[in-house]
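The values are calculated or read from the model by the stated rules, or taken from the named source; none is laboratory data. The shown structure was predicted, so the numbers you read here are calculated from the model rather than taken from an experiment. No Cβ is skipped: glycine too gets one built from the backbone with ideal geometry, and neighbour counts run over all protein chains shown. We work out accessible area using only protein heavy atoms, side chains counted, and drop any ligands, DNA or RNA first. Shrake-Rupley method; radii C 1.70, N 1.55, O 1.52, S 1.80 Å.
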Amino acid sequence: MRQQLEGANHMEPSTIHGYRKVYQKHVEGKPITAMQINRITAKDGQDWLNSLPQSLSHKTHLRARAFLSGVFTVALQSNVITGVNPMSSTKAGGMSKGRKAGDLTARELKIRVSNGHAYDHAEIALMLELPEPARTICAVAAFTGLSRSEIPALKWEDYKDGEISVVRKKWRGHIGAPKTTAREATVPVAPLLQEILAKYRKDRNYPPVEGGWMFYGSKEKKPIDMDNLSRREIPQFINGAWRGWHAFRRGLGTRLNDMGMSLTNIQSILRHASISTTTAHYVFPNPDKTKAGLRKLAEAVRKTYKIKV
């Protein structure tokens, strides 16, 4: 199995890193690793899944199952085994995400809260009072929807004619292509963000650095570490209001929808390959608009059909 993992050199570094963690935590040392891969059956795969702690989330179990399924896929493609992937007939366990808040660890609870948050206008305004470079980086995230991996990979040459071209991303020390073809696109830059970027470049008196990075660390002059920025620089200024970088993308989609922009245009700005991704995860319902809409519907029915109570 380790050979299949190491041989998957077509995968992105972040994917290999994630799979390696699954192997080390949930596969290495298990009885299934001592079996010949061409003798492993669906029952063996299910027994392995059942041996994982059921206190883990269902998502973690799904990730573990996907890892082993991927191992067998590579083995099938390499003619190491024949037939069908034995993991295709298995079922992942684990605890569902419907667990009560009291049953979650502190980390799980923090992740749940962050995943359900979309920054609103007031929160973005608060972030625009942060010291640099956090202020301008948050502005880019808020007004373009660029992700945590795309922002540090920006170069000044990517920004011209009122648009930012997304041509690369950064994961840890690795620079590579964007996540999908749809993410390789240009994003319009709003006038306010243009002003913020111009001021940032002027005030910082940016000298040319190797690579021409837009945001880089003050010591090594390499692309800035977004995790360090969010852990060390931002929280102390915003009183616990930090909900992660992805809340900017959710916030942008949700606020644009609130202001009446079509879902197709929101999809284009967020660069999703499918509009279903936009509607399912990046446009949150607005309770005030929901109530107002129901009131309007009720009044329309009342007037049209002369309903009396």
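Here are a few things to note about the model shown:
- When Thr181 is tested against the conditions (1) crowded, with 17+ Cβ neighbours inside 10 Å; (2) within 25 Å of His17 (Cβ to Cβ), the lone failure is (1).
- Segment 149-163, residues that are part of a strand (DSSP E or B) and out of contact with any Pro (no Cβ under 8 Å at 6 or more places or on another chain): Lys155, Tyr159, Lys160
- Given (1) modelled with pLDDT of 90 or more; (2) surrounded by 10 or more Cβ atoms within 10 Å (Cβ to Cβ); (3) of a type in the set (S, T, N, Q), number of the condition Thr82 does not satisfy: (2)
- Note on segment 165-194: residues that are over 15 Å from Phe143 (Cα atoms) and either in contact with a helix residue (DSSP H, G or I) (Cβ under 7 Å, 6 or more places away or on another chain) or in a loop (DSSP other than H, G, I, E, B) (or both) amount to 18.
- Whichever residue in segment 230-247 is in a loop (DSSP other than H, G, I, E, B) and under 17 Å from the mean Cα position of the chain (by Cα) and, among such residues, is nearest to His117 (Cα to Cα): Arg243
- Among the residues of segment 257-281, those that are part of a helix (DSSP H, G or I), under 21 Å from Ser165 (Cα atoms) and open to solvent by less than 50 Å² (accessible area, probe 1.4 Å) comprise Ile266, Gln267, Ile269, Leu270, Thr278.
- Test: residue in segment 286-298 that is within 20 Å of the chain's Cα centre (by Cα), surrounded by 11 or more Cβ atoms within 10 Å (Cβ to Cβ), of a type in the set (Lys, Arg) and not in a loop (DSSP other than H, G, I, E, B): no
- Scanning segment 203-221 for residues that are closer than 28 Å to Ile124 by Cβ and either open to solvent by less than 70 Å² (accessible area, probe 1.4 Å) or modelled with pLDDT of 90 or more (or both) yields Tyr206, Gly212, Trp213, Met214, Phe215, Tyr216, Gly217.
- Of the helices (runs of 4 or more DSSP H) lying entirely inside segment 10-90, the ones with 2 or more residues being farther than 29 Å from Lys169 by Cα and in contact with a helix residue (DSSP H, G or I) (Cβ under 8 Å, 6 or more places away or on another chain) are found at 42-51, 58-77.
- A search for C-beta distances below 6 Å between a residue of segment 74-89 that is within 18 Å of Ile32 (Cα to Cα) and any residue that is open to solvent by 50 Å² or more (accessible area, probe 1.4 Å) and part of a loop (DSSP other than H, G, I, E, B), counting only pairs 6+ apart in sequence or on different chains, returns Pro86/Thr41.
- Pairs where the first residue, in segment 282-305, is free of Cβ contacts under 8 Å to residues at least 12 places away in the same chain and the second is surrounded by 11 or more Cβ atoms within 10 Å (Cβ to Cβ) and part of a helix (DSSP H, G or I), C-beta under 9 Å, 6+ apart: Pro285/Thr254
- Any chance Ala141 is in a helix (DSSP H, G or I) and out of contact with any His (no Cβ under 7 Å at 6 or more places or on another chain): yes
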